[in-house]
1. What residue, of GLY116, GLY92, GLY124, GLY120, is within 30 Å of THR72 (Cβ to Cβ), at pLDDT below 85 and not aliphatic (A, V, I, L, M)?
2. Give the number of residues within the range 55-85 that are in a loop (DSSP other than H, G, I, E, B), open to solvent by less than 80 Å² (accessible area, probe 1.4 Å) and over 13 Å from ASN32 (Cβ atoms).
3. When the range 37-54 is examined, which residues are found to be among the small types (Gly, Ala, Ser) and either modelled with pLDDT of 90 or more or not in a loop (DSSP other than H, G, I, E, B) (or both)?
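The values are calculated or read from the model by the stated rules, or taken from the named source; none is laboratory data. None of these values were measured; they are calculated from a predicted model. Cβ sites come from the backbone with ideal geometry, for glycine too, and all protein chains shown count toward neighbours. What goes into the accessible areas is simple: the full protein's heavy atoms, side chains included, and nothing from ligands, DNA or RNA. Shrake-Rupley method; radii C 1.70, N 1.55, O 1.52, S 1.80 Å.
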Amino acid sequence: MRTTRALAVSAVAVAAVGLAAPAASAWTDPSNLTVSPSVIPRGGQVTISVTGTKCQSGSTATSDAFGTVNLTNAGGEQASANATVHSDAAPGAHDVSVSCQGVPLTRPAAFTVIHGGVRGGLGGASETGATSTDMAIGGALVASALVGGGVFWMRRRSEGKA
């Protein structure tokens, strides 16, 4: 009876290891395709990163915004490439596709191309110099400071004569 149980347990163990072996193969398909930064102006540079051991030498990344670039090994199962967005790329979301030894992976709307500078901080930097609104606000502040200073000076002057 003990021999039968031992053989049954061994058979189940061998079957479990046998079924798990293909999943633990040395070559993994590409996964986790990332593009940074996610918002980029025309002419800017994006970094494409992909995980998977099939994405080593001979792998490419393609987008209508930058064309085709070759991926290089970035250590371990990581491959990456830098790509410059065309100066005439259409504003909006763009897909990125990679081909790793014939295995495709596409990330829709991987990054967004904008016209002008990157909008960062509190007000964005898409315009250079002062706008007409900035000039009007500044002029109003200077005028109110002059009027307020004049009123203060006139009151102080009249208090001194009394």
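1. GLY120
2. 7
3. Scanning the range 37-54 gives SER38, GLY43, GLY44, SER49.
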